[in-house]
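See structure below.
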Ligand SMILES: *Cc1c(COP(=O)(O)O)cnc(C)c1O
């Protein structure tokens, strides 16, 4: 057992899924989004748990992610939401992955590859309505429809779009996106192409727009126990399946005035105890996405935060829990080691410390420990091993 790990409660994920089902309009299905290795929880474990509870559709970003799910026995629909390239398609089609198509040239290439393999490519058309990322716009549709009408190896199973500002108080941008999506759908149907399913909702739109649940809702954030924005607090109860932990691996009594860590930004004010934990920014600890200020107040907050940091005061949420108490981080978080100022409170070597760790950016090298039915049933690291190794590659052994 390493000194740092993440406990993941799959029953909590199941609870969140069942909560989503309660809000789901009849006729719609939940497509569980398990991209980025299930937002850091482990795509295979989450998908298996949900499939065993009746979930029949999953979404990931890349073909690679989809193949991992298939290889681990997921038999439901797997939609690759992101763009993919021709070199990946043979394997994708052989493994019955549904592909998102968002450019005409690739549509033509996909038809060629599917014909050569004598397979049918299942596709979902992505419509660009305001995310500014991928997708067809209204002007593309005539050419696309014309081609699809002739293409004998492509099944248009879906059409979808993705909202950029769902969850904002001001709904106008999302309404506009939805309008563009419906216009695109109408247009392509006019042109004789009838996608089997349509879907638009992510977690935020799922909560705000029950009237748009359609054939699928693509929900990820809610399943892992997060609300997609502060505006939703109190709207529904979710369980948090995620607890990042590590052990106190060193403990010292030090006098007042002791400098701690790189650049000595921290100096103890009184005699105290310092505890060392084996977690740092290489694990994703203390790593925050760069925030772009949304207005003046936000900008001011960011400036104040940085001024405080200059004086060695951390105003972030980088607080950890030890024996039910909140404990301060002393100095800078290191690559793999961090020091805590425990004060005079009781603390012992081996004590468990709960650390805040963003799910999707937590290091895959941290051990995941899976809980279900109140017990640990599996421990693993997230990475999958080698895709290929060149047998000709010389292994040079170095004698020291
Ligand atoms: C990530 C993603 C989702 C899920 O969004 P959540 O807010 O996590 O529910 C849905 N659709 C697309 C296209 C996505 O990329």
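Within the stretch 210-230, can one find any residue that is more than 28 Å from residue 59 (Cβ to Cβ) and surrounded by 12 or more Cβ atoms within 10 Å (Cβ to Cβ)?
There is no residue in the stretch 210-230 that is more than 28 Å from residue 59 (Cβ to Cβ) and surrounded by 12 or more Cβ atoms within 10 Å (Cβ to Cβ).
Which number in (1) under 29 Å from residue 367 (Cα atoms); (2) more than 30 Å from the chain's Cα centre (by Cα); (3) part of a loop (DSSP other than H, G, I, E, B) marks the one condition that residue 357 misses?
Result: residue 357 passes all but (2).
Does the stretch 175-193 include one or more residues that are part of a loop (DSSP other than H, G, I, E, B) and either within 14 Å of the ligand (Cβ to nearest atom) or at negative phi (or both)?
Within the stretch 175-193 (the criterion being part of a loop (DSSP other than H, G, I, E, B) and either within 14 Å of the ligand (Cβ to nearest atom) or at negative phi (or both)), the answer is yes, since at least one residue qualifies.
Of everything in the stretch 114-126, what is surrounded by fewer than 19 Cβ atoms within 10 Å (Cβ to Cβ) and part of a helix (DSSP H, G or I)? Give them in sequence order.
Of everything in the stretch 114-126, those that are surrounded by fewer than 19 Cβ atoms within 10 Å (Cβ to Cβ) and part of a helix (DSSP H, G or I) turn out to be 115, 116.
Out of everything in the stretch 290-343 that is assigned to a loop (DSSP other than H, G, I, E, B), modelled with pLDDT of 90 or more and out of contact with any helix residue (DSSP H, G or I) (no Cβ under 9 Å at 6 or more places or on another chain), what residue ends up being surrounded by the fewest Cβ atoms within 10 Å (Cβ to Cβ)?
324
Filter the stretch 28-45 for residues that are in a helix (DSSP H, G or I), within 16 Å of the ligand (Cβ to nearest atom) and in contact (Cβ under 8 Å) with a residue 40 or more places away in the chain; which is surrounded by the most Cβ atoms within 10 Å (Cβ to Cβ)?
38
Taking strands (runs of 3 or more DSSP E) that do not extend beyond the stretch 198-289, which have at least 2 residues that are away from the ligand (no atom under 16 Å from the Cβ), touching a strand residue (DSSP E or B) at 6+ places or on another chain (Cβ under 6 Å) and at pLDDT 95 or above?
Counting at least 2 such residues, we get 242-247, 250-254, 272-277.
Against the definition (touching a residue at least 12 places away in the same chain (Cβ under 8 Å), in a helix (DSSP H, G or I) and under 25 Å from residue 27 (Cβ atoms)), how does residue 129 come out, yes or no?
no
Looking only at the stretch 46-79, which residues are over 14 Å from the mean Cα position of the chain (by Cα) and either touching a residue at least 60 places away in the same chain (Cβ under 8 Å) or within 11 Å of the ligand (Cβ to nearest atom) (or both)?
Correct list: 49, 50, 57, 68, 79.
Condition first: at pLDDT 95 or above and in a strand (DSSP E or B). Can you find one or more residues in the stretch 13-27 that meet it?
No, the stretch 13-27 contains no residue that is at pLDDT 95 or above and in a strand (DSSP E or B).
Of everything in the stretch 78-92, what is buried (at least 21 other Cβ atoms within 10 Å of the Cβ) and not in a loop (DSSP other than H, G, I, E, B)? Give them in sequence order.
Hits for the stretch 78-92 are 78, 79, 80, 89, 92.
Of the residues 105, 11, 7, which is away from the ligand (no atom under 16 Å from the Cβ) and over 22 Å from the mean Cα position of the chain (by Cα)?
105
The values are calculated or read from the model by the stated rules, or taken from the named source; none is laboratory data. Remember, predicted model here, so these are calculated numbers, not experimental data. Positions of Cβ are backbone-derived with ideal geometry, glycine not excepted, and every protein chain shown enters the neighbour counts.
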